[in-house]
Amino acid sequence: MGQYPVELIKYGGAAIVVAFALQAMFLALSSFGRIRAERRQHAVGLEVLRQRLEAARTVRQAKEELALSWNGLRKFSVAKKIFEGGDICSFYLVPHDKKPLPAFKPGQYLTFSLKIPGNDKSVIRCYSLSDAPCPEYYRVSIKKVPPPPDKPTVPPGLSSNFFHERVKESDILDCKAPSGGFFLDLAGSSPVVLIGGGVGITPVMSMLNAMIKGGQLKRETWFFLGVRNSNEHVFADHLKKLAAEHSKLHVQICYSNPLAADLPNTQYHHKERVSADLFKRVLPSNNYEYYICGPGPMMESIVKGLEAWGVPESKVHFEAFGPASIKKVAQATDPAPNTSTAAAAVHTKITFKNGKVVEYSGNNKTLLEVAEENGIQIPYACRAGNCGTCVTAIKSGEVKYNSEPGAMPDAGSCLVCVGFPKTDLVLDA
């Protein structure tokens, strides 16, 4: 009886200690949970702040570039003229007014207005920028185009021969601000495959240089170049140097017809053309963004091959140049036209500003080609629907495109270089 209160006190004291311990544990857990919640909230706040700062930086950069850009033509001086080999020459252009240059999106091009002797009007031509954006200069790399091998009497490339043979260092050239819908988003992080054929290396070289400029390459990048042999292999030393310096860059060179002295696994890696079959053998998977620039048949083959390999259309980007390449790619990628559209295009009339009426019979000729066949001159540059030089007002009727142009014109106008009549047309040309 006498010890009962002592036991009671002992157990009661223990209970109190346990209660205090539980309370302390609860408070500690509550405090820990509160700290974790505060940390999460702090992290979210920092991310929101980072996004706001990034958005502000983007807006500021866009404003600065807009302030540096220009409308119409601007005069540039040729600071350097460097022969790269393979009948390709690089021209380094600096602004004649000494003002800084706006950045461009890697893959875009410059549009030149050239005063070529023997031509009454300026010749408009587009050439891809071939280096990373730089506030001091722009670089274009131009291939000299000879007459076709099977047609030696056909005149050589007018503008490319003018650049190679007539343009000298310190000469002044007129050009428009950089433009074009074929470009790489430098803010992206997805792995990419850059593909160049011949002089088509220029825009993808700009993309590669832009990704590397100012630091390490941050995204997995495969660079495929297809040429016939070492005589056409431009930027070879530059590519080899970049591949040695950046572990995420994988350079793959294809020679379709190597010379006897060309060294496999040193100068080139594959004795074949660049193709989707090659990608299947070399790439770890098909999960990449693909950027392609080259001759029409090459692009047509690769686009078809990537589609068959299951690559989504949204991940395949290509730069078409010249009438043959754009038609072939469009035919390869577009669904068959519906019956009503096809029927409407079989028998239409095209009326030009001079009153000339042309019967169009659905022969797959563009409006520009129809105009040229009938002696009607319309300014053009790329013949691929990218530069907007050939934009022409539509007085009445409708125009269709096999694929959406890179520089879609405003309503009431059309790009005649890639446009086809959908109905009877009256053009202001």
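The values are calculated or read from the model by the stated rules, or taken from the named source; none is laboratory data. Just so it is clear, the structure is predicted and the values come from calculations on it, not from any experiment. In this analysis, Cβ positions are derived from the backbone assuming ideal geometry, glycine residues included, and neighbour counts consider all displayed protein chains.
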- prompt: Just checking, which of Phe83, Phe163 is surrounded by fewer than 20 Cβ atoms within 10 Å (Cβ to Cβ), at pLDDT 90 or above, over 22 Å from Met211 (Cα atoms) and among the aromatic types (Phe, Trp, Tyr)?
  reply: Phe83
statement: The number of residues in region 253-262 that are surrounded by 10 or more Cβ atoms within 10 Å (Cβ to Cβ) and in a loop (DSSP other than H, G, I, E, B) is 5
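Restrict the check to region 177-184 and report whether at least one residue is in a strand (DSSP E or B), surrounded by fewer than 21 Cβ atoms within 10 Å (Cβ to Cβ) and modelled with pLDDT under 95. Reasoning before the result, please.
Narrowing region 177-184 to residues in a strand (DSSP E or B): 179.
From the residues that got through so far, the ones that are surrounded by fewer than 21 Cβ atoms within 10 Å (Cβ to Cβ) too are 179.
Those left that are additionally modelled with pLDDT under 95: 179.
Scanning region 177-184, I find at least one residue that is in a strand (DSSP E or B), surrounded by fewer than 21 Cβ atoms within 10 Å (Cβ to Cβ) and modelled with pLDDT under 95, so the answer is yes.
From Val154, Val167, Val193, Val204, grab the single residue that is in contact with a helix residue (DSSP H, G or I) (Cβ under 8 Å, 6 or more places away or on another chain) and of a type in the set (A, V, I, L, M, F, W, C). Even if it seems obvious, please write down each step before you answer.
On the way: Val154 fails: in contact with a helix residue (DSSP H, G or I) (Cβ under 8 Å, 6 or more places away or on another chain); Val167 fails: in contact with a helix residue (DSSP H, G or I) (Cβ under 8 Å, 6 or more places away or on another chain); Val204 fails: in contact with a helix residue (DSSP H, G or I) (Cβ under 8 Å, 6 or more places away or on another chain).
Val193 is the lone residue from the list that is in contact with a helix residue (DSSP H, G or I) (Cβ under 8 Å, 6 or more places away or on another chain) and of a type in the set (A, V, I, L, M, F, W, C).
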message: Among the residues that make up region 345-366, is at least one of them surrounded by 21 or more Cβ atoms within 10 Å (Cβ to Cβ), out of contact with any helix residue (DSSP H, G or I) (no Cβ under 8 Å at 6 or more places or on another chain), outside the structural domain of Lys105 (by TED's automatic domain parsing) and not in a loop (DSSP other than H, G, I, E, B)?
response: no
message: Conditions first: (1) more than 19 Å from Met211 (Cβ to Cβ); (2) among the acidic types (Asp, Glu); (3) modelled with pLDDT of 95 or more. Asp131 passes all but one, so which condition is the exception?
response: (1)
- request: Please indicate, with yes or no, whether at least one residue in region 95-118 is surrounded by fewer than 18 Cβ atoms within 10 Å (Cβ to Cβ), assigned to a strand (DSSP E or B) and of a type in the set (A, V, I, L, M).
  value: no
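Can you name the residue in region 375-429 that is at positive phi and within 25 Å of the chain's Cα centre (by Cα) and is also surrounded by the fewest Cβ atoms within 10 Å (Cβ to Cβ) among such residues?
So in region 375-429, the residues at positive phi come out as 375, 383, 385, 388, 397, 412.
Checking which are within 25 Å of the chain's Cα centre (by Cα) leaves us with 383, 385, 388.
Working: Arg383: 25, Gly385: 26, Gly388: 21.
Here the answer is Gly388.
Would you mention how many residues in region 119-133 are farther than 19 Å from Ala407 by Cα and either part of a strand (DSSP E or B) or in the same structural domain as Gln377 (by TED's automatic domain parsing) (or both)?
First pass over region 119-133, keeping only residues farther than 19 Å from Ala407 by Cα: 119-123, 130-133.
Now restrict to residues that are either part of a strand (DSSP E or B) or in the same structural domain as Gln377 (by TED's automatic domain parsing) (or both): 123.
Adding up the residues that qualify gives 1.
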